[in-house]
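Read the structure below first, then the notes.
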């Protein structure tokens with residue numbers, strides 16, 4: 001699935017479609033890739049609203065993980081591995097326990113933990129052009 005010519009303000013409109021695509025393909029681990037400022041956290045905020053997350057969604061850059069709850073009492077985990085120096089740091093915080101918890105997990109900068117990723121996940125790649133338009137490519141892994 002691909003979305004093109006997307007502005008940041010369009011993300012709330014496409015978030016329900018991304019959610020449906022992930023649910024149809026039974027993916028609860030979502031890996032978001034894109035350069036700094038591509039809109040990964042902004043997309044997670046829009047997706048959170050599509051899931052009915054009640055908590056304020058923010059980047060867990062310093063805490064590495066944030067936990068959110070939805071209006072249906074579902075639990076969501078949001079990771080930002082940007083600050084990690086080694087994959088072992090992710091192991092120490094128990095990331096694999098979260099990944100296999102059957103709860104949704106949104107991962108930013110997962111390329112820093114390539115050996116720890118589950119075999120099956122939704123990859124959302126975000127590219128930004130010179131006009132600040134985004135292309136989102138969704139791939140089932």
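Just so it is clear, none of the values below were taken in a lab; they were calculated from the coordinates. Just so it is clear, the structure is predicted and the values come from calculations on it, not from any experiment. Virtual Cβ from ideal backbone geometry, glycine too; neighbours counted across all protein chains shown.
Some notes on this structure:
- Summarising the label geometry, the points placed 7 Å from Cα in the beta-carbon direction at residue 69 and residue 54 lie 0.6 nm from one another.
- Nitroxide proxy distance, nm - points 7 Å out along Cα→Cβ at residue 101 and residue 125: 2.9
- Mean residue ellipticity (222 nm) of the chain, computed from DSSP H runs ≥ 4 via -39,500 (n - 2.57), nearest 500: -7500 deg cm²/dmol
- Antiparallel %, DSSP beta bridges [both residues in the chain], to 5: 55
- Computed on region 18-127, with alpha-carbon pairs under 8 angstrom and 6+ residues apart, the relative contact order is 38 percent.
- Additional length obtainable on full extension of the chain from residue 25 to residue 89, 0.36 nm per residue less Cα span: 20.0 nm
- Counted by neighbouring Cβ atoms within 10 Å, the residues 56, 27, 133 run from fewest to most as 56, 133, 27.
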